[in-house]
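The values are calculated or read from the model by the stated rules, or taken from the named source; none is laboratory data. Keep in mind that this is a model prediction, so the values were computed, not measured. Ideal geometry is used to build each Cβ from the backbone, glycine not excepted, and the neighbour counts take in all protein chains shown. The protein model used for the area step is the full one, side chains on, heavy atoms only, and it has no ligands, DNA or RNA in it. Shrake-Rupley method; radii C 1.70, N 1.55, O 1.52, S 1.80 Å.
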Amino acid sequence: MSMSRRFVFSLGAIISFLICVSGQLPTAHSGNDVEQLRQQLLERDARISQLESSVKTLQSSSSLTLRENHDDGLTQITQRLAVLEEKVASANLQGMRTQLDKHDNSLYVDQDTGTTAWLLVCSCLVLLMTIPGLALFYGGLVRVQNVLSTVMQSFSIACLITVLWSAFGYSLAFSTGSPIYGDATKFWLQGIDMHTPHPLNSRIPEPLFVVYELMFAIITPALISGAFADRMRFGSMLLFMGVWHLLVYCPITHSMWMTDGFLYKAGILDFAGGNVVHIAAGCSGLMSSLVVGKRAGFGAENFHPHNILVSVLGASLLWVGWLGFNGGSAGTDLKLGTVAVLNTQVAAATASMTWMVTEWI
């Protein structure tokens with residue numbers, strides 16, 4: 001190949017290469033687009049920066065507001081505590097205590113001291129009717145081999161009923177509840193002290209009311225024990241008396257003497273235990289003697305009283321105790337109590353004279 005041909009071929013190749021390369025290079029229009037994209041990116045970055053700064057500003061302002069509200073709340077609490085401390089410091093606690101003491105004393109002063117003293121005496125007199133009065137009366141009427149068991153019946157009944165009355169009986173009999181039973185609010189004498197009055201007698205301390213009514217609860221089952229003298233074992237007698245007290249005496253007492261009892265609402269009157277004590281004891285004694293049956297050896301052995309003098313002493317103590325039994329039942333009405341004592345004395349003396357005249361005839 002000649003030099004001229006080689007030169008022409010080389011020059012054509014170079015020209016072709018340059019044409020190809022020039023077709024791939026960006027034109028002036030493509031450069032403008034790149035510049036616009038770059039500008040848009042810069043604007044976007046600027047907006048992002050602005051948004052970030054706005055978020056930071058909002059966060060800082062909200063935290064400041066919360067901090068200010070928290071500080072205001074603490075300030076208000078501190079101010080209130082300071083006011084309370086000033087009030088407590090300025091309060092006359094000693095004066096308030098004195099006023100409370102005066103209030104308590106006024107409650108106690110409202111109670112009638114004369115009636116309180118009289119019912120204390122009556123409580124002792126009614127207890128005297130059971131031990132030793134009823135114990136001696138029944139003890140003298142039985143055979144000599146049964147004297148101790150008969151006397152111990154009255155004594156043990158007094159002990160048993162005292163425990164049951166303090167635990168359950170008083171609340172079942174003398175607290176408001178149903179028309180037959182009271183509720184359990186005063187079990188074990190809860191809430192009873194020398195300042196608490198009872199609705200049935202608000203002029204005496206409630207503990208005295210508990211004691212006075214306890215003496216009625218003691219003598220009632222003791223009266224029943226004479227119906228089956230010589231015929232019931234000691235343990236069986238205690239079990240019977242305990243159950244009878246809770247299931248018979250307490251509901252009768254509540255129904256008769258409490259303001260929500262059905263017998264009280266029916267208008268039935270019982271001044272000193274005519275229904276609660278005597279009718280209840282009489283009916284129960286009759287039924288128990290029928291259930292126990294006749295004495296073994298009755299009609300074949302000697303059942304004469306072993307000591308009439310002891311029975312007379314017991315009957316005399318019953319007479320004395322009955323003055324407190326009826327006189328104390330008048331409660332705060334001492335005039336009515338005086339009349340009751342007079343009637344009791346006259347009635348007992350008249351009945352005794354009638355019996356003596358009958359014996360003479």
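Worth a mention:
- In Hz, Karplus ³J(HN,Hα) per residue of region 240-250 (6.51, -1.76, 1.60; θ = phi - 60°; x = Gly, Pro): 4, 5, x, 5, 4, 4, 7, 9, 10, 5, 4
- Most to least packed among 283-290, 218-225, 117-124 [average Cβ atoms within 10 Å]: 218-225, 117-124, 283-290
- When the alpha carbon gyration tensor of region 163-234 is reduced to an equivalent ellipsoid, the three semi-axes, largest first, read 27, 14, 11 Å.
- The alpha carbons of region 114-243 occupy a box of 49, 33, 21 Å along the principal axes, longest dimension given first.
- Fraction of accessible area attributable to carbon and sulfur, region 283-361 (%, probe 1.4 Å): 71 percent
- Taken per residue, the accessible surface of region 239-361 reaches 59 Å², heavy atoms only and a 1.4 Å probe.
- The accessible-area ordering, largest first, of the residues T162, T75 stands as T75, T162, per a 1.4 angstrom probe.
- With every protein chain in place, region 108-198: carbon and sulfur % of accessible area (1.4 Å): 76 percent
- From the C-alpha gyration tensor of region 200-331, square roots of 5λ in Å: 31, 19, 13
- Amide H contacts under 5 Å for G182: A173, S175, restricted to partners 5 or more places along the chain or on a different chain, H placed in the peptide plane at 1.01 Å from N.
- Under the Karplus curve 6.51 cos²θ - 1.76 cosθ + 1.60, θ = phi - 60°, whole-Hz ³J(HN,Hα) for region 277-284, x wherever Gly or Pro sits: 9, 6, 5, 4, 5, x, 5, 5
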